[in-house]
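The values are calculated or read from the model by the stated rules, or taken from the named source; none is laboratory data. Here the structure is a predicted model, which is why all the values come from computation and not from measurement. Cβ atoms come from the backbone with ideal geometry, glycine included; neighbour counts cover every protein chain shown.
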Amino acid sequence: MKFNFYGITENLLDELSYESKLGKSLKNTLRKFNKDDIFKEIRNISRYLNTRKIDFKFPVSYRIKYYHSCLIKYDKYYPNMELNKLYLKFLKCN
């Protein structure tokens with residue numbers, strides 16, 4: 001049975017999902033990744049989300065922080081933070 005939680009469906013989650021091309025678990029710390037590859041992937045994620053044509057049943061607002069802000073956060077948390085946690089800091093949801 002497919003779920004529906006306040007308008008969030010399994011299909012919606014599938015449509016929003018982006019599979020990382022980095023080739024490693026995002027639970028690895030930043031030191032395990034090349035900085036340029038991380039920021040290339042951030043640009044790819046942004047393009048991916050901006051091309052989705054999704055009919056939300058509720059108001060949704062999100063953005064990826066400005067590139068310079070992402071660089072500052074990266075430098076602040078390098079080398080010990082897990083990449084998945086840094087990605088959450090890059091994504092701004094309202």
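Quick one: in the stretch 1-31, of everything that is part of a helix (DSSP H, G or I) and in contact (Cβ under 8 Å) with a residue 24 or more places away in the chain, which residue is nearest to residue 45 (Cα to Cα)?
Selected residue: 16.
Tell me, which residue of the stretch 32-56 that is surrounded by 14 or more Cβ atoms within 10 Å (Cβ to Cβ) and of a type in the set (A, V, I, L, M, F, W, C) is farthest from residue 91 (Cα to Cα)?
Only one residue fits best here, namely 33.
What residue, of 29, 9, is surrounded by 13 or more Cβ atoms within 10 Å (Cβ to Cβ) and modelled with pLDDT of 85 or more?
Selected residue: 29, the only one of 29, 9 that is surrounded by 13 or more Cβ atoms within 10 Å (Cβ to Cβ) and modelled with pLDDT of 85 or more.
Those residues that are surrounded by 14 or more Cβ atoms within 10 Å (Cβ to Cβ) and modelled with pLDDT under 85, I need them from the stretch 12-26; list them, please.
If the condition is that a residue be surrounded by 14 or more Cβ atoms within 10 Å (Cβ to Cβ) and modelled with pLDDT under 85, then 12, 16 are the ones that fit.
Keeping to the stretch 68-94, report how many residues are at pLDDT 90 or above and not hydrophobic (A, V, I, L, M, F, W, C).
The qualifying residues number 11.
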